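The values are calculated or read from the model by the stated rules, or taken from the named source; none is laboratory data. Note that this is a predicted model, so its numbers are computed, not measured. Glycine gets a Cβ as well: all are built from the backbone with ideal geometry, and neighbour counts include every protein chain shown. Accessible surface areas use protein heavy atoms only, side chains included; no ligands, DNA or RNA. Shrake-Rupley method; radii C 1.70, N 1.55, O 1.52, S 1.80 Å.
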Amino acid sequence: MYLLLDIGNSRSKGMLASRTGQMTPVELSAASFDRTAIEAVYYAAVAGQDKVQALKKQLQLHDKPWRQIESEAARFGVQNCYSQPHLLGVDRWLAMLGSHWLMPKQDLLVVDAGTAVTLDWLSTDAVHQGGWILPGLKLQQQSVVQKTAKVFNADTHQARLQPGGDTVACLQNGCLAAVVGAISQAWQLQPMQQVLLTGGDARLLLPYLKNYPVQLEPNLLFYGLSRFIDS
Ligand SMILES: Nc1ncnc2c1ncn2[C@@H]1O[C@H](COP(=O)(O)OP(=O)(O)OP(=O)(O)O)[C@@H](O)[C@H]1O
Ligand SMILES: CC(C)(CO)[C@@H](O)C(=O)NCCC(=O)O
Ligand SMILES: [K+]
């Protein structure tokens, strides 16, 4: 068994992967899995090293090999377009490696709706065509609330793509429109055969993307990470 870790900006996620490629989500505490069965830990962190160290301590897996995956110029036939490849967020890189593993012969728009929303274009020959970074749904709402005196939000989320009739609806609907609008704009700029959607807000966004060939893939990043096992 291998432990795969996605150490994100707002939360970290874990997956147990067998040699045969079976994956099981796992809660990130030392008590939630059999530590003796873990051969190695493969991890990717867009968060700072402090979060990585905290997690290492929490999981009590000091005696196992920890392999950090970072963005590279090329891997598994996928090409990174950044002139400084390591500066591309490793979550974006892994989402592309995972997408390419799922659909190797199609051009893809990879959307990760997390703390930040990222969009990345990947051509049929697996060359990264560049991408976008924008604030995620929650972050957009929080920044408006923080920087204004009179805009407030509610704990319940009922965003719709229609004009709002009160502050909360205006804020939530506006931010939803901004994210859906960015995806629609991306599509207009350069349509692809498939849109692969992942991240904490993926499920929420899905109903608003019916006009596009969208596939929900919550484990895209882990598919990318698992390609490194024994490689
Ligand atoms: N249980 C949850 N905890 C935190 N955020 C959640 C949860 N469920 C859905 N979300 C939504 O997911 C988004 C964060 O996405 P995700 O969990 O992918 O974050 P992340 O991996 O830390 O992000 P990133 O790696 O982009 O910084 C937030 O906009 C939030 O609204
Ligand atoms: C944009 C985020 C925060 C999305 O999680 C992450 O991919 C990141 O920290 N990227 C580094 C900058 C870049 O991708 O160009
Ligand atoms: K993420």
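What are the lysines whose alpha-carbon lies under 19 Å from the alpha-carbon of Lys13, with same-chain residues fewer than 8 places away excluded?
Result set, ordered by chain and number: Lys51, Lys56, Lys57, Lys64, Lys138.
For the range 99-206, which chymotrypsin sites (Phe, Trp or Tyr not before Pro) are both in a DSSP coil and crowded by at most 16 other Cβ atoms within 10 Å? Mind dumping the intermediate values first?
Values: sites: Trp101, Trp121, Trp132, Phe152, Trp187; in loops: Phe152.
Filter output for the range 99-206: Phe152.
Counting pairwise Cα distances across the range 2-68, what percent come out greater than 20 angstrom?
On the way: 389 of 2211 pairs.
Result: 18 percent of Cα pairs exceed 20 Å.
Which of Glu70, Glu39, Glu217 ends up with the largest GNM mean-square fluctuation for the chain, with Cα atoms connected below 10 Å?
Result for the chain, Cα springs under 10 Å: Glu39 fluctuates most.
Taking amide H positions as placed 1.01 Å from N in the peptide plane, with prolines and chain starts having none, which residues 5 or more places from Val26, or on another chain, fall under 5 Å of its amide H?
Sorted by chain and number, the residues that satisfy this are Gly14, Met15, Leu16.
Which percent of the accessible area of the chain is formed by carbon and sulfur heavy atoms (probe 1.4 angstrom)?
On the way: 5980 of 11750 Å².
About 51 percent, which is the carbon plus sulfur part of the accessible surface.
222 nm [θ] for the chain, helices only, -39500 (n - 2.57) per DSSP H run of 4+, per residue, to 500? Don't jump to the answer; show the numbers that get you there.
Values: 6 runs with 69 residues, N = 231.
When only DSSP H runs of four or more count, the value is -9000 deg cm²/dmol.
Could you list the trypsin sites (Lys or Arg not before Pro) in the range 101-210 that lie in coil according to DSSP, counting only those with at most 14 other Cβ atoms within 10 Å of their Cβ? Mind showing how you got there, number by number?
Numbers: sites: Lys105, Lys138, Lys147, Lys150, Arg160, Arg203, Lys210; in loops: Lys105, Lys150, Arg160, Lys210.
Sparse-neighbourhood loop trypsin sites (Lys or Arg not before Pro): Lys105, Lys150, Arg160, Lys210.
Around Gln193, what is the net charge, scoring Lys/Arg as +1 and Asp/Glu as -1 over all other residues with Cβ under 12 Å from its Cβ? Intermediate results must be reported in sequence, preceding the final value.
Working: positive: Lys105; negative: Asp107.
Counting the neighbours of Gln193, the net charge comes to 0.
When Rg is the radius of gyration of the Cα atoms in the range 129-169 and Rh is its Kirkwood radius, what does Rg/Rh come to?
Values: Rg = 12.7 Å, Rh = 12.0 Å.
My calculation of the ratio gives 1.06.
For Val195, list long-range residues whose amide hydrogen, built 1.01 Å from N in the peptide plane, is under 5 Å from its own amide hydrogen.
So Val195 has HN proximity to Leu109, Val214, Gln215.
Which shape class applies to the range 89-141: rounded if a/c is under 1.5, otherwise prolate when a/b exceeds b/c and oblate if not, where a ≥ b ≥ c are the square roots of the Cα gyration tensor eigenvalues?
On the way: a/c = 2.72, a/b = 2.30, b/c = 1.18.
Judged from the Cα gyration tensor, the range 89-141 comes out prolate (a/c at least 1.5, a/b above b/c).
Keeping all protein chains in place and using 1.4 angstrom, which order do Thr36, Thr167, Thr24 fall into by accessible surface area, from largest down?
Working: Thr36 115, Thr167 50, Thr24 75 Å².
These residues rank, largest area first, as Thr36, Thr24, Thr167.
Measuring with a 1.4 Å probe in the full set of protein chains, what accessible area per residue, in whole Å², belongs to the range 2-68? Each step should come with its number before you reach the end.
Numbers: 3610 Å² over 67 residues.
Accessible area per residue: 54 Å².
Testing the spin-label approximation: label points 7 Å from Cα along Cα→Cβ at Gln49 and Trp101. State their distance in nm.
Output for this residue pair reads 2.8 nm.
What list of ³J(HN,Hα) couplings, whole Hz, do you get for the range 72-86 from phi and the Karplus terms 6.51, -1.76, 1.60, once you set θ to phi - 60° and write x for glycine and proline?
So the J values, rounded to whole Hz, are 10, 5, 7, 6, 6, x, 9, 10, 7, 8, 5, 6, 10, x, 5.
If R0 is 45 Å, what FRET efficiency do you get for Lys147 and Tyr82 from their C-beta distance, rounded to 0.05? Don't skip to the end; give the middle numbers.
Numbers: r = 31 Å, r/R0 = 0.68.
With R0 = 45 Å, the Cβ-Cβ based efficiency is 0.90.
Taking θ = phi - 60°, what integer Hz values does the Karplus form 6.51 cos²θ - 1.76 cosθ + 1.60 yield along the range 99-106, in sequence order, with x for Gly and Pro?
5, 5, 5, 5, 9, x, 10, 10
Under a GNM of the chain (C-alpha, springs under 10 Å), which listed residue has the highest mean-square fluctuation: Val144, Val90, Val180?
Per the Cα network of the chain with a 10 Å cutoff, Val144 tops the list.
Three principal axis extents, largest first, for the C-alpha atoms of the chain, in Å?
That gives 56, 41, 31 Å along the principal axes, largest extent first.
Are there trypsin sites (Lys or Arg not before Pro) in the range 9-88 that DSSP puts in a loop and that have at most 15 other Cβ atoms within 10 Å, and which ones? It would help to have the intermediate numbers written out before the result.
Working: sites: Arg11, Lys13, Arg19, Arg35, Lys51, Lys56, Lys57, Arg67, Arg75; in loops: Arg11, Arg19.
For trypsin sites (Lys or Arg not before Pro) across the range 9-88 that sit outside H, G, I, E and B with at most 15 neighbouring Cβ atoms in 10 Å, the list reads Arg11, Arg19.
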